[in-house]
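So that we are looking at the same thing, I have put the structure below in structure tokens.
The values are calculated or read from the model by the stated rules, or taken from the named source; none is laboratory data. Keep in mind that this is a model prediction, so the values were computed, not measured. We place every Cβ from the backbone using ideal geometry, glycine too, and count neighbours over all the protein chains shown. Just the protein is used for accessible areas: all its heavy atoms, side chains included, with ligands, DNA and RNA removed. Shrake-Rupley method; radii C 1.70, N 1.55, O 1.52, S 1.80 Å.
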Amino acid sequence: MSVFHLRNCMEILTKPLSNEKVVRPALIYSLFPNVPPTIYFGTPDEKVEKLPWEQRKLLRWKMSTVTPNIVKQTIGRSHFKISKRNDDWLGCWGHHMKSPSFRSIQEHQKLNHFPGSFQIGRKDRLWRNLSRMQSRFGKKEFSFFPQSFILPQDAKLLRKAWESSSRQKWIVKPPASARGIGIQVIHKWSQLPKRRPLLVQRYLHKPYLISGSKFDLRIYVYVTSYDPLRIYLFSDGLVRFASCKYSPSMKSLGNKFMHLTNYSVNKKNAEYQANEDETACQGHKWALKALWSYLSQKGVNSDAIWEKIKDVVVKTIISSEPYVTSLLKMYVRRPYSCHELFGFDIMLDENLKPWVLEVNISPSLHSNSPLDVSIKGQMIRDLLNLAGFVLPSAEDVASSSSSSSSSTTSLPSSPRDRCQMAPEYFTAQKMKKAYYLTQKIPDQDFYASVLDVLTPDDVRVLVEMEDEFSRRGQFERIFPSRISSRYLRFFEQPRYFNILTTQWEQKYHGNKLKGVDLLRSWCYKGFHTGAVSDSAPVWTLPTSILTGPKGDVTLSDFSKSETGKLGKRGSPEGSITLSEDGTMPKPMKTQAGLSPSPRKPSSSKDSEDTSKEPSLSSQMLPVIKYSGQTSRLSAPPTSQSPGDSLLAAVSP
């Protein structure tokens, strides 16, 4: 047999058959030692290995009438079975629940919603929250949502705006509907529906057109955590066209196929053209990546549009953050238990400026075409890997089944989040969080110092963030990012972990390996679980706060006399700093001087009282969460110093 013929035979034998699937391990192992692995979700052309029976029997999914087929198919490939009981499931893709119902979710379970997410998922709440942000920070930062009015309460304001622009078109929407139901475009006051409530919105009458037609973008946004905030944007999405060419004529306002871009509306038009090719710019539905390619060929900078979309997404999520975070603390045992996919509907105007039209908290995942299957299938697979489902321990399952029958109002933290450590580390952790939240004039140098000495809580949160990032697939994390410090001023309250993660990204975004190696060294020692040793760093209050008249370092000396020194940063002699390699501690150098950058004080008008939400007052001070316990900073009287406020936070 010739060498050439032998080589051909070997190639045929070794080449996998076309229908042979790639075999993948059942678990994704952490980047870090002493951190549990997560469950792997594969693509249709992959075969996921089976876990041993003792572990595989824990793979239970709670089905709902709204669980999409694409989710069922993805979890089925990872050998999940349908839960036959109400308490033995790991995951559920279901309806949004009323906030108190979130109490029933066990610590190892994940539901695809956050309590309070309808603060942006309802059109009226979205407008209220974005208009509140606009009044606080100006139209330059928050001018990406069309001016809206909620009837009946805004009727007089609407009438005034209506009369000032007689040729203006208005779009009328029920505040809690979807799929284009109940939406109409009007231009006469007499056309306003009598039914209430309603959202009446200025119509974007000069949209960017392609081949003469309007279109909007369905952008997939995934939030894995609110405190710290972590937001991801999927790299692809859908472009949905109106099926009739656009005309600004008032006579055409009744034509929904011209003015609405919803697929559920336009598919009923006999002129509607389907598109099954995700790379093609044809028909009335495109892939987002196909649009970017089309615009680039026209000389448009699509990257610049994408950056603007990231900006409006981050700001929109932040507008709901105080509500969701407050409800999480009230009703959810562990932040791990919630995650959410949002569908942002965005329209480009004639200047290619993105406008947020609405946000969906249950975006359609129906996949009735190859285009939908390709985009949504990949997105859900990446989302579930990013979610980080962890196999529960026997103790977790036993405790959940025993507690599920009892309705308790106390919400203990998960053992995974509860660090068992020496009292000095416990107190130091609490003091550090309070210190970074009570500064009146923080600047970049001050915030950067948050990384000088890491606590066990810090390491745990950063490890979770880096592990999650490594599983992102085709998602891009847009918060925290190397530029996310610009968004910190938009939060109703400062959040310690947002400061920490933003500073971490600024420092290590260009050298991920260095940051991961540093965290790995601490995880190897079990520092993130609360296991500490004599060589471990202990965060201490700066010298300017702690040093008394005789040079003694005591908590009792942290008093009113030191108020003026709170703005200076430093550390007492002998404190231990986290070294770059995580192994060689070095003394912290005292640094002083903070450039004034005062925060704009909140107005009492900024708070919004809703019937089902906790009221958010500007007087609400940061909640310091540590090792499963919660302490709220009390509002200090005007004569009280920042030092006294911090002491109140660290007092038992």
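Can you name the residue in segment 129-146 that is of a type in the set (Lys, Arg) and part of a loop (DSSP other than H, G, I, E, B) and is also least open to solvent (accessible area, probe 1.4 Å) among such residues?
We begin by selecting, within segment 129-146, every residue of a type in the set (Lys, Arg); these are 132, 136, 139-140.
If we keep only those that are part of a loop (DSSP other than H, G, I, E, B) as well, we get 139-140.
Details: 139: 141, 140: 192 Å².
The selected residue is 139.
Go through segment 438-481 and give me each residue that's open to solvent by 50 Å² or more (accessible area, probe 1.4 Å), at pLDDT below 95 and farther than 28 Å from residue 323 by Cβ.
Result: 444, 445.
This table checks each residue for (1) among the β-branched types (Val, Ile, Thr); (2) touching an Asp or Glu at 6+ places or on another chain (Cβ under 9 Å); (3) in contact (Cβ under 8 Å) with a residue 24 or more places away in the chain.
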| position | (1), (2), (3) |
| --- | --- |
| 83 | no, no, no |
| 87 | no, no, yes |
| 92 | no, no, yes |
| 107 | no, yes, yes |
| 137 | no, no, yes |
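State all residues of segment 170-193 that are open to solvent by 20 Å² or more (accessible area, probe 1.4 Å), touching a helix residue (DSSP H, G or I) at 6+ places or on another chain (Cβ under 7 Å) and at pLDDT below 85; if no residue qualifies, say none.
Pass one, segment 170-193, residues open to solvent by 20 Å² or more (accessible area, probe 1.4 Å): 176-179, 181-182, 184, 187-191, 193.
From what's left, touching a helix residue (DSSP H, G or I) at 6+ places or on another chain (Cβ under 7 Å): 179, 187, 189.
Listed by number, the residues that qualify are 179, 187.
Could you please let me know if residue 114 is among the aromatic types (Phe, Trp, Tyr), open to solvent by less than 20 Å² (accessible area, probe 1.4 Å) and over 17 Å from the mean Cα position of the chain (by Cα)?
no
May I pose another question? For segment 46-56, state whether one or more residues are open to solvent by less than 10 Å² (accessible area, probe 1.4 Å) and either hydroxyl-bearing (Ser, Thr, Tyr) or in contact (Cβ under 8 Å) with a residue 60 or more places away in the chain (or both). Steps first, please.
So in segment 46-56, the residues open to solvent by less than 10 Å² (accessible area, probe 1.4 Å) come out as 48.
Imposing the further condition that a residue be either hydroxyl-bearing (Ser, Thr, Tyr) or in contact (Cβ under 8 Å) with a residue 60 or more places away in the chain (or both) reduces the set to none.
No - not one qualifying residue is present in segment 46-56.
Please work out if residue 84 is of a type in the set (Lys, Arg), part of a strand (DSSP E or B) and either touching a Ser or Thr at 6+ places or on another chain (Cβ under 7 Å) or open to solvent by 10 Å² or more (accessible area, probe 1.4 Å) (or both).
So residue 84 fails the test.
To continue, here is another question. Of all residues in segment 291-311, which are assigned to a helix (DSSP H, G or I), open to solvent by 10 Å² or more (accessible area, probe 1.4 Å) and of a type outside the set (Asp, Glu)?
Initial filter on segment 291-311 (assigned to a helix (DSSP H, G or I)): 291-297, 302-311.
Right, trim to open to solvent by 10 Å² or more (accessible area, probe 1.4 Å) and you get 292-294, 296-297, 302-304, 306-308, 310-311.
The answer is 292, 293, 294, 296, 297, 302, 304, 306, 308, 310.
Inside segment 451-488, can you point out the residues that are under 25 Å from residue 137 (Cβ atoms), in contact with a helix residue (DSSP H, G or I) (Cβ under 8 Å, 6 or more places away or on another chain) and in a loop (DSSP other than H, G, I, E, B)?
Once the filter is applied, which keeps residues that are under 25 Å from residue 137 (Cβ atoms), in contact with a helix residue (DSSP H, G or I) (Cβ under 8 Å, 6 or more places away or on another chain) and in a loop (DSSP other than H, G, I, E, B), segment 451-488 yields 480, 481, 482.
Specify the residue that is surrounded by the most Cβ atoms within 10 Å (Cβ to Cβ); the eligible residues are those in segment 514-560 that are farther than 13 Å from residue 458 by Cα, at pLDDT 80 or above and among the polar types (S, T, N, Q).
By that ranking, first place goes to 540.
Just to be sure before I move on: is residue 345 touching an Asp or Glu at 6+ places or on another chain (Cβ under 7 Å) and under 22 Å from residue 477 (Cα atoms) in the structure I sent?
On the way: touching an Asp or Glu at 6+ places or on another chain (Cβ under 7 Å): yes; under 22 Å from residue 477 (Cα atoms): yes.
Spelling it out, residue 345 is indeed touching an Asp or Glu at 6+ places or on another chain (Cβ under 7 Å) and under 22 Å from residue 477 (Cα atoms).
Still on this model: Determine the pairs where a residue that is polar (S, T, N, Q), located within segment 464-487, has a partner that is outside any helix (DSSP H, G or I) with Cβ atoms under 6 Å apart, the partner being 6 or more residues away or on another chain.
As it stands, the answer is 470/31; 474/235, since those pairs meet every condition given.
Only one residue in 167, 240, 196 is part of a strand (DSSP E or B), open to solvent by 10 Å² or more (accessible area, probe 1.4 Å) and touching a residue at least 12 places away in the same chain (Cβ under 8 Å), so which one is that?
Details: 167 fails: part of a strand (DSSP E or B); 196 fails: part of a strand (DSSP E or B).
Selected residue: 240, the only one of 167, 240, 196 that is part of a strand (DSSP E or B), open to solvent by 10 Å² or more (accessible area, probe 1.4 Å) and touching a residue at least 12 places away in the same chain (Cβ under 8 Å).
Can you tell me which residue within segment 249-267, out of those that are in contact with a Lys or Arg (Cβ under 6 Å, 6 or more places away or on another chain) and part of a helix (DSSP H, G or I), is most open to solvent (accessible area, probe 1.4 Å)?
263
Being assigned to a loop (DSSP other than H, G, I, E, B) and among the acidic types (Asp, Glu) is the filter here, so list the residues in segment 321-358 that pass it. Steps first, please.
Step one: of segment 321-358, the residues assigned to a loop (DSSP other than H, G, I, E, B) are 332-334, 339, 350-353.
Within segment 321-358, just 350 meets the criteria.
Same structure again: Can you find a residue in segment 115-128 that is touching an Asp or Glu at 6+ places or on another chain (Cβ under 8 Å), among the charged types (D, E, K, R) and assigned to a loop (DSSP other than H, G, I, E, B)?
At the first step, the residues of segment 115-128 found to be touching an Asp or Glu at 6+ places or on another chain (Cβ under 8 Å) are 116-117, 119, 123, 126, 128.
Right, trim to among the charged types (D, E, K, R) and you get 123, 128.
Subsequent filtering for residues that are assigned to a loop (DSSP other than H, G, I, E, B) retains none.
Checked segment 115-128: no residue is touching an Asp or Glu at 6+ places or on another chain (Cβ under 8 Å), among the charged types (D, E, K, R) and assigned to a loop (DSSP other than H, G, I, E, B).
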